[in-house]
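The values are calculated or read from the model by the stated rules, or taken from the named source; none is laboratory data. Just so it is clear, the model here is predicted, and its values are computed rather than measured. All Cβ positions, even for glycine, are placed from backbone atoms using ideal geometry, and neighbour counts span all protein chains on display.
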Amino acid sequence: MLPEASIQIPGSAGEGKYAILMATFVLALGAANVIASKIIILFGFAAPAGIIVYPLTFMMTDVVSEVYGKARAKQVVWTGFAMMILLLVITRIAIWLPPAPFYRQQEDFRKIFDASSRIILASLIAYLASQTCDVALFHFWKGVTKDRHLWIRNNLSTMTSQLIDTVLFIFIAFYGVYNFYDCLRLIGGQYLFKFVFAILDTPFVYLGVWWARR
């Protein structure tokens, strides 16, 4: 059985693993925002394409919270927030720059990244609210369980924060583009996937904690 007591990992090996966890978090967050403008059907439910990678961010913050502590988890959250603002600025600059005379896809490019800009803004709001909630709840349940039962704090914190994220993101990003009923359908499909992912990722959270502590 894997040890569950939170410890601080010293030295370059621990810092290197922390950097890998943060890089994975930022990559997943950025990729989710870039591809989220496409609506897909997943197991019969409609959801933004970003759903295939976004839940990974919660797994990363749970591993960081467990191994490196609350302060480092907050650092990951705020780093991701800063990178999303940078991504928004970069996409706006790319739209603004004049296209080459032979480039014929400027309007398609603008439409795609205009949608992505709204999605990134929605994601920033939903992300900051949900990830802050996730870190706070993780450490609340960590105290309640007295450093035992990692699966409890992992699942309860992730399921609650993912619900907050889903509702905020869908309505800010898509209301007006789709009607209220369609937005509710997107919320249902996206949250169901996140709920199942939260359960299925538990062994991987244990594995991540074990790897980071080695």
Inset, instruction - Would you mention how many residues in segment 174-202 are farther than 19 Å from Lys38 by Cβ and among the charged types (D, E, K, R)? - result: 1
Inset, instruction - For Ser116, state whether it is under 20 Å from Thr24 (Cα atoms), of a type in the set (S, T, N, Q) and either at pLDDT below 85 or out of contact with any strand residue (DSSP E or B) (no Cβ under 8 Å at 6 or more places or on another chain) (or both). - result: no
Legend entry - Hits in segment 130-160 - residues which are among the hydroxyl-bearing types (Ser, Thr, Tyr), surrounded by fewer than 23 Cβ atoms within 10 Å (Cβ to Cβ) and assigned to a helix (DSSP H, G or I): Thr132, Thr160
Inset, instruction - Look at segment 89-106 and say how many of its residues are in contact (Cβ under 8 Å) with a residue 12 or more places away in the chain and over 17 Å from Ser117 (Cβ atoms). - result: 0
Legend entry - Residue, surrounded by the fewest Cβ atoms within 10 Å (Cβ to Cβ), within segment 28-73, restricted to residues that are of a type in the set (Lys, Arg) and in a helix (DSSP H, G or I): Lys70
Inset, instruction - Give just the number: which of (1) within 23 Å of Ala71 (Cβ to Cβ); (2) surrounded by fewer than 18 Cβ atoms within 10 Å (Cβ to Cβ); (3) β-branched (Val, Ile, Thr); (4) under 20 Å from the mean Cα position of the chain (by Cα) does Ile199 not satisfy? - result: (1)
Inset, instruction - Please indicate, with yes or no, whether at least one residue in segment 161-182 is among the aromatic types (Phe, Trp, Tyr), assigned to a helix (DSSP H, G or I), in contact with a Leu (Cβ under 8 Å, 6 or more places away or on another chain) and within 19 Å of Val77 (Cα to Cα). - result: no
